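> If you scroll down you'll find the structure; I have some questions about it.
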Amino acid sequence: MTEIHGPTSHTYFSQRLRLHYVDWGNEDGAPLLMVHGGQDHCRNWDWIAQELRDDYHIIAPDLRGHGDSQWMVGGAYSHFDFVYDIHQLLHQTKMTPVKIIAHSMGGDVCLRFAGVYPELVEKLVVIEGLWATPEHIQERETKPIHERVREWEANLRRTSGRQARRYETLDDAVARMQEENPHLRPDQARHLTVHGAHQNEDGTYSWKFDNYVRTGNPGGVSYSQSKALWQNITCPVMHIRGTESWASDPEKDGHLELFQDGRLVNIDNAGHWVHHDQLDEFLGHVVPFLEE
């Protein structure tokens with residue numbers, strides 16, 4: 001097992017929130033931003049950062065409501081709030097133009113960022129950031145706004161009464177992490193749990209993320225607006241998908257063709273967390289893409 005020499009922790013502010021990110025050093029290296037997915041945290045990138053830190057200056061944020069970043073007041077975690085947080089981090093660290101690796105929800109957020117600010121992004125690797133099927137998109141597009149708002153309010157009310165799950169021991173939380181992704185090695189599951197959970201005052205353990213990040217947002221951009229953002233991205237975009245994942249195939253769905261320079265890599269024996277499940281193969285595609 002490769003020993004991981006960790007990064008340094010830092011704080012920045014965005015919309016009056018105190019947000020956390022880690023910096024892997026090598027300030028003379030090319031800027032590389034890594035953005036985690038929903039209910040995750042910045043230390044999920046440690047294995048990739050360990051491999052790339054000699055060539056890049058890597059920073060990885062905890063998005064608001066995740067990891068060691070502050071939770072927002074309210075329940076509408078908008079993806080454009082995440083876009084602003086990322087832009088604020090890059091503005092404060094002066095790390096643009098930048099290359100980006102992003103996963104799932106973070107991938108969607110970074111696609112939006114690259115569509116709004118194409119001049120700031122040189123390369124973009126998106127791990128299952130285009131997960132929505134055409135059927136799901138159609139359902140959302142045709143559902144009246146009053147129904148979406150009602151569903152969102154009901155979800156918020158349920159979440160307000162939901163207690164964060166507590167695990168008696170850290171080992172119990174590790175077991176839950178392993179159950180969520182059977183591809184994880186035991187050392188991976190423990191590492192992700194150690195950085196993704198905190199100990200409560202009574203000695204139990206809970207996940208760090210805010211339960212309200214699950215509730216979604218009744219507004220947001222339409223599908224036509226999303227397509228316009230994707231079409232406005234000028235940098236090469238590599239989409240990576242695990243063949244065992246529930247995520248939609250962007251080529252079959254017709255999404256891939258909307259990018260000026262869009263590429264797709266399907267990786268076997270991998271689920272939604274491709275970069276954990278098949279790290280060597282993942283790096284085998286990503287490293288030359290970032291360097292070309």
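The values are calculated or read from the model by the stated rules, or taken from the named source; none is laboratory data. These numbers were taken from a predicted model, which means no experiment stands behind them. Every residue, glycine among them, receives a Cβ derived from its backbone with ideal geometry; neighbour counts consider all protein chains shown.
> For the stretch 252-292, name all the residues that are over 21 Å from the mean Cα position of the chain (by Cα) and closer than 23 Å to GLY115 by Cα.
Answer for the stretch 252-292, where residues must be over 21 Å from the mean Cα position of the chain (by Cα) and closer than 23 Å to GLY115 by Cα: LYS252, ASP253, GLY254, GLU257, LEU258, GLN260, ASP261, GLU291, GLU292.
> Further, regarding this structure: Does the stretch 66-82 include one or more residues that are within 25 Å of GLU180 (Cα to Cα) and among the hydroxyl-bearing types (Ser, Thr, Tyr)?
Yes, there is a match, as at least one residue in the stretch 66-82 is within 25 Å of GLU180 (Cα to Cα) and among the hydroxyl-bearing types (Ser, Thr, Tyr).
> Please report, ordered by residue number, the strands (runs of 3 or more DSSP E) entirely within the stretch 16-119 with at least 1 residues that are closer than 23 Å to ALA132 by Cβ.
Correct list: 30-35, 98-103.
> How about the stretch 246-264: which of its residues are in a loop (DSSP other than H, G, I, E, B) and among the hydrophobic types (A, V, I, L, M, F, W, C)?
Answer for the stretch 246-264, where residues must be in a loop (DSSP other than H, G, I, E, B) and among the hydrophobic types (A, V, I, L, M, F, W, C): TRP246, ALA247, PHE259.
> Take the stretch 166-178 and flag every residue that is assigned to a helix (DSSP H, G or I) and touching a helix residue (DSSP H, G or I) at 6+ places or on another chain (Cβ under 9 Å).
Correct list: LEU170, ASP171, ALA173, VAL174, ALA175, ARG176, MET177, GLN178.
> Considering every residue within the stretch 126-145, establish whether at least one is touching a strand residue (DSSP E or B) at 6+ places or on another chain (Cβ under 8 Å) and not aliphatic (A, V, I, L, M).
Yes: the stretch 126-145 contains one or more residues that are touching a strand residue (DSSP E or B) at 6+ places or on another chain (Cβ under 8 Å) and not aliphatic (A, V, I, L, M).
> More than 30 Å from GLU168 (Cα to Cα), free of Cβ contacts under 8 Å to residues at least 24 places away in the same chain and either surrounded by fewer than 17 Cβ atoms within 10 Å (Cβ to Cβ) or of a type outside the set (S, T, N, Q) (or both): does that describe GLN225?
yes
> Name the one entry in LYS208, LYS227 that is closer than 30 Å to VAL98 by Cα and in contact with a strand residue (DSSP E or B) (Cβ under 6 Å, 6 or more places away or on another chain).
That would be LYS208, the only listed residue that is closer than 30 Å to VAL98 by Cα and in contact with a strand residue (DSSP E or B) (Cβ under 6 Å, 6 or more places away or on another chain).
> Report yes if some residue within the stretch 181-199 is small (Gly, Ala, Ser) and without any contact (Cβ under 8 Å) to a residue 60 or more places away in the chain; otherwise report no.
Let us first name the residues in the stretch 181-199 that are small (Gly, Ala, Ser), namely 189, 196-197.
Those still in the list that are without any contact (Cβ under 8 Å) to a residue 60 or more places away in the chain too: 189, 197.
There is at least one residue in the stretch 181-199 that is small (Gly, Ala, Ser) and without any contact (Cβ under 8 Å) to a residue 60 or more places away in the chain.
> Of everything in the stretch 179-201 that's under 24 Å from SER69 (Cβ atoms) and in a loop (DSSP other than H, G, I, E, B), which residue is nearest to the chain's Cα centre (by Cα)? So that I can check it myself, show each step before the final result.
Initial filter on the stretch 179-201 (under 24 Å from SER69 (Cβ atoms)): 180-181, 184, 188-201.
Checking the rest, the ones that are also in a loop (DSSP other than H, G, I, E, B) come to 181, 184, 200-201.
Values: ASN181: 16, LEU184: 18, ASN200: 25, GLU201: 29 Å.
Selected residue: ASN181.
> Is it true that some residue in the stretch 116-136 is under 18 Å from TYR21 (Cβ atoms) and modelled with pLDDT of 95 or more?
Scanning the stretch 116-136 turns up at least one residue that is under 18 Å from TYR21 (Cβ atoms) and modelled with pLDDT of 95 or more.
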